[in-house]
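Enquirer: What follows is a single structure, and I will ask about it in a moment.
Every number in this text was worked out from the coordinates using simple rules, so none of it is lab data. Because the structure is a prediction, the values reported are computed rather than measured. In this analysis, Cβ positions are derived from the backbone assuming ideal geometry, glycine residues included, and neighbour counts consider all displayed protein chains.
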C-alpha cells in the first residue's frame, strides 16, 4: 500500500473489506446461475423462503447441488466471512450509535480521536487481510467442487483469477 496517513488507511481498509464481501456475494450468485439457474431466475423470491434465506440459504442451495461440498458454517473460513457480513450490515443498514465518553481536550486545539465506531474492530490491516484470504479460500473451494460437475468456462480458473468475461459468436 502506498504511504498513507492512519486516517486514509482506515478508509482504504473499510472500502477493501466492503468490496471483498460484495465480491463474495457476487461469486455466490455467479455459481448459483451456473449450477441452478432455475432457483436464481427469481432470486429474491426463492431466497426469501425460510429454508433458503439470504446468503446462507444460497450457500445451502449450492451445497445441495455440489455433492462433495460440505458446508461447515461453524468453522473457518466461513466464520470469518460471517464476521465480514456483520461489518457489511453495519455499514449498509447503518443505525445511530450512541456512546458516552469523558475526555480532556487539549488547550492548544489539537484534536483527539474521540469518536468510536462499532465497526472499528474490523479495520486493521491484519483483519482485512485474513478476511480477504478467507473469502478467496471459501470461494475457491466452491469453485473447485463446481468445476467437477460443470463445464462453464469461468470455472476453469481459480476464484477471482482469470478473465472477467468472455464472448461467443458465430458468422452468418
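Enquirer: Between 128, 92, 107, where does the largest GNM mean-square fluctuation fall for the chain, given springs only between Cα atoms within less than 10 Å?
Expert: The residue that fluctuates most here is 107.
Enquirer: Could you give the length gained by full extension between residue 56 and residue 12, i.e. 0.36 nm per residue of separation minus their alpha carbon distance, to one decimal place?
Expert: Full extension of this stretch gives 13.1 nm more.
Enquirer: Would you mind calculating the relative contact order of the stretch 1-89 from Cα pairs under 8 angstrom and at least 6 residues apart, reporting the percent as a whole number?
Expert: 27 percent
Enquirer: Continuing with this model, one more query. With a Förster radius of 25 Å, plug the Cβ-Cβ distance of residue 19 and residue 170 into 1/(1 + (r/R0)^6) and report the FRET value to the nearest 0.05.
Expert: With R0 = 25 Å, the Cβ-Cβ based efficiency is 0.10.
Enquirer: If you don't mind, there's one more thing I want to ask. Using the basic label-point model (7 angstrom from Cα toward the beta carbon), what is the residue 38 to residue 64 distance in nanometres?
Expert: Rounded to a tenth, the inter-label distance reads 1.0 nm.
Enquirer: May I ask for the angle, rounded to the nearest 10°, between helix 6-35 and the longest principal axis of the chain, with both axes built from Cα atoms and the value confined to 0 to 90°?
Expert: Orientation of helix 6-35: about 20 degrees from the principal axis.
Enquirer: Under a 10 Å cutoff between Cα atoms, tell me which one of 140, 25, 43 has the largest fluctuation in the Gaussian network model of the chain.
Expert: Comparing 140, 25, 43 in a Gaussian network model of the chain, the most mobile one is 43.
Enquirer: Relative to the first principal axis of the alpha-carbon coordinates of the chain, what is the inclination of helix 54-65, with its axis defined by its Cα atoms, in degrees from 0 to 90 and to the nearest 10?
Expert: Helix 54-65 and the main axis of the chain meet at about 30 degrees.
Enquirer: Let me ask something else about it. Would you list 90, 142 from fewest to most Cβ contacts within 10 Å?
Expert: Listing 90, 142 from fewest to most nearby Cβ atoms yields 90, 142.
Enquirer: Pairs of Cα atoms under 8 Å, at least six residues apart: use those to get the relative contact order of the chain, whole percent.
Expert: Contact order relative to length: 28 percent.
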